[in-house]
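Student: Dropping the structure in here first, questions after.
Each value in this text was obtained by applying a stated rule to the coordinates, not by laboratory testing. As the structure is a prediction and not an experimental result, all values here were calculated from the model.
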Amino acid sequence: KKGIIMRKTAILIITLIISFSTPIHSKDYIIFNISQQIPMGYKNEKPKKNFFVNIGKIQGVKVGTVLDVHRKVSKLNPLKTWKRHRFDIKVGQLEVIHSEDYSAIGKRVANKSDKNGDHSLEIESLLLGDIVSVNIEKN
């Protein structure tokens, strides 16, 4: 009987440790929603967009913080090796216009590659699921 109680106690302790342990993987912060004005059909009209991200004050993001936006792209090389290549491509930047504890709202800002007409992807807009991180400018 004592052995059964010891095993049950050990199982309970292990279950509690697993339940309350913190995850060891890093969290991706992403664009989880996009809202935009309805286009009215005017010439050269650019509807305003707001990008909602799951990073906020708790992670140090406040109004004015610039976020880099990256997209993970995976392509299969069918020539010889069939090796899968993964790319992490910067697709733009957001400036935070509102911040809460665990989320923020940003607007797209032009970066240097936009001004030069140098685009790394044909899809130039930011998409749901794009990864965001705080921009750390090196002087």
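Student: Could you run the Karplus curve 6.51 cos²θ - 1.76 cosθ + 1.60 with θ = phi - 60° over region 42-56 and give me ³J(HN,Hα) per residue in whole Hz, x for Gly and Pro?
Tutor: 6, 5, 6, 6, 10, x, 6, 10, 10, 10, 9, 10, 9, 9, x
Student: Now a separate question. With the cut-off at 24 Å, tell me which of the pairs LYS62/LYS90; LYS27/LYS80; LYS43/LYS90; LYS48/LYS90 have Cα atoms farther apart than that.
Tutor: Distance filter (> 24 Å) returns LYS27/LYS80; LYS43/LYS90.
Student: Residue-wise, which Karplus ³J(HN,Hα) couplings in Hz belong to region 75-87, taking 6.51 cos²θ - 1.76 cosθ + 1.60, θ = phi - 60°, and x for glycine or proline?
Tutor: Each residue of region 75-87 in turn: 10, 9, 8, x, 8, 6, 8, 6, 6, 8, 10, 10, 10 Hz.
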